Structures are given as structure tokens and as C-alpha cells.
Amino acid sequence: DKKADAEQLKNACQSGTVTVKQVARRDKSEKPPALYDLTTLQRDANRLLGFTAQQTLDYLQNLYEKKLCTYPRTDSRYLTSEGLPVLVNLVANAMPFRKGIAISCDAAAVINDKKVTDHHAVIPTRNIREADLSALPVGERAILELVALRLLCAVAHPYIYDETSVTVECAGAEFTAKGRTVKQPGWRALDAAYRAGLKNVE
């Protein structure tokens, strides 16, 4: 609580002996996020791109009319269709942020007939292969890239890491440090590459 006490402890520790009290290591993993329905896409587009819910819907509607995205007004986050690996490869090849990142396709993670009502989750269509994406208006291209990112992430490997927690004692005080070692970057590699691209745009 007091700076003087902290300085005193710091000085005592610099010449003191450290005793390791506990080391704990745990394997952890984070599953990929689910595909987008309209609401979750609007939320992310607002957080990452600064778009209002209406702007996101308008851009998505335009992409739907250009046959580059599936039906926008959906509340499902799953698919019923097979043939997903082909679409995933087409989308991956069209996206600049995935260069150098290996793409996997765990179709079972996103296909669930029982969770699809009238329309399935929002995803890009195969027309992305022939489209000149650089000719799209900026807002539409940004939404298409976000939808593409979510498809690639949703079918990617989990993010797997070791978390190590160390507790040490020195000069009568306990200190705790945590660190993580990534074993498999999985879907987070794509997410990080996309966000790095966003920073460059800003």
C-alpha cells in the first residue's frame, strides 16, 4: 500500500534468497469461436471496425445481393451443407491475412442440422474465387473479410498452450508469476494476423 514499504521490500529481496514454494503447470486449450449470425457479426463489426449495427446489415445485404455472402438476417451459427473444405480453401486463398498460415477444416465443428432453422450462419460464398475484392467499397470489403476470418477460425484447430504458475518467497513476502507456452497456435494465428492487418489500415 505504501511506496516506502515497497522500496524496503525491493531492497531486501535484491540481496535475499528466493525459495520456490510451488510450480504448477496445466495444459489448456481454447476452442475456435462459432460462425457468425447477424447479431454476433454486428457486435464484432462495431468493436473491431467501428460500424453501427445498421451499417453492418447494409454492407452484408449488398454482399448478399452480389452473391458474395449468404443470407444476412439469420440467427443460426451453424451450417447444414457438406462440401465445406472446398469453400474454406477458396476463402483462404482470397484473404491476404492468411498468407503463410496453414489452413485446416474441421467441418464437424460447424455442421449441425438441428441448430439451423430457416437460414444457416453467415459465410462467404464460392463466388469469392472470381470476384475482384479490391473493387468492392471499403465497408463491404471489411465485412467480407470479417466473415471470411470467422469461417477460417471456426474450422481451425484449437489454441493449445501450457500455463505455468510459480510462487516464490523472498524476504518474508510471496510473489506469483504466470507464463504461457504456446503448443499449437490454431485459430488464434489467423485472428492475430487479421488484427495486425487492421492496425496497418488504421
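The values are calculated or read from the model by the stated rules, or taken from the named source; none is laboratory data. These figures come from a predicted structure and were not determined experimentally. With ideal geometry, Cβ positions are generated from the backbone for all residues, glycine too; neighbour counts draw on all protein chains shown. When the accessible area is computed, the model is the full protein with side chains, heavy atoms only, and any ligands, DNA or RNA have been set aside. Shrake-Rupley method; radii C 1.70, N 1.55, O 1.52, S 1.80 Å.
A few remarks follow.
- Members of the stretch 95-134 found to be over 18 Å from the mean Cα position of the chain (by Cα), crowded, with 18+ Cβ neighbours inside 10 Å and assigned to a helix (DSSP H, G or I), listed by number: Ile128
- First in the stretch 101-117 and within 22 Å of Tyr194 (Cα to Cα), second anywhere and of a type in the set (Gly, Ala, Ser), Cβ under 7 Å, 6 or more apart: Ile101/Ala189; Ile101/Ala193; Ile103/Ala92; Ser104/Ala156; Ala109/Ala154; Val110/Ala154
- Condition broken by Val138, with the remaining ones in (1) among the aliphatic types (A, V, I, L, M); (2) over 19 Å from Thr40 (Cα atoms); (3) touching a residue at least 24 places away in the same chain (Cβ under 8 Å) satisfied: (3)
- Inter-residue pairs, beta-carbon under 7 Å, first farther than 18 Å from Pro33 by Cα and in the stretch 63-88, second acidic (Asp, Glu) and open to solvent by less than 30 Å² (accessible area, probe 1.4 Å), 6+ apart: Leu63/Glu140
- The sole residue among Ala45, Ala34, Ala24 that is more than 19 Å from Leu149 (Cα to Cα) and either modelled with pLDDT of 95 or more or surrounded by 11 or more Cβ atoms within 10 Å (Cβ to Cβ) (or both) is Ala24.
- Pairs are defined by a Cβ separation below 6 Å, a sequence spacing of at least 6 or placement on different chains, a first member in the stretch 4-19 that is assigned to a loop (DSSP other than H, G, I, E, B), and a second member that is surrounded by 10 or more Cβ atoms within 10 Å (Cβ to Cβ) and β-branched (Val, Ile, Thr); the pairs so defined are Val18/Val168.
- Qualifying residue in the stretch 57-68 (condition: at pLDDT 95 or above, open to solvent by 70 Å² or more (accessible area, probe 1.4 Å) and assigned to a loop (DSSP other than H, G, I, E, B)): yes
- Tally, over the stretch 69-83, of residues that are out of contact with any strand residue (DSSP E or B) (no Cβ under 7 Å at 6 or more places or on another chain) and more than 26 Å from Gln54 (Cβ to Cβ): 3
- Conditions (1) farther than 27 Å from Lys28 by Cβ; (2) out of contact with any Asp or Glu (no Cβ under 9 Å at 6 or more places or on another chain); (3) open to solvent by 50 Å² or more (accessible area, probe 1.4 Å): number failed by Ala177: (1)
- Residues within the stretch 2-58 that are among the charged types (D, E, K, R) and within 15 Å of the chain's Cα centre (by Cα), tallied: 5
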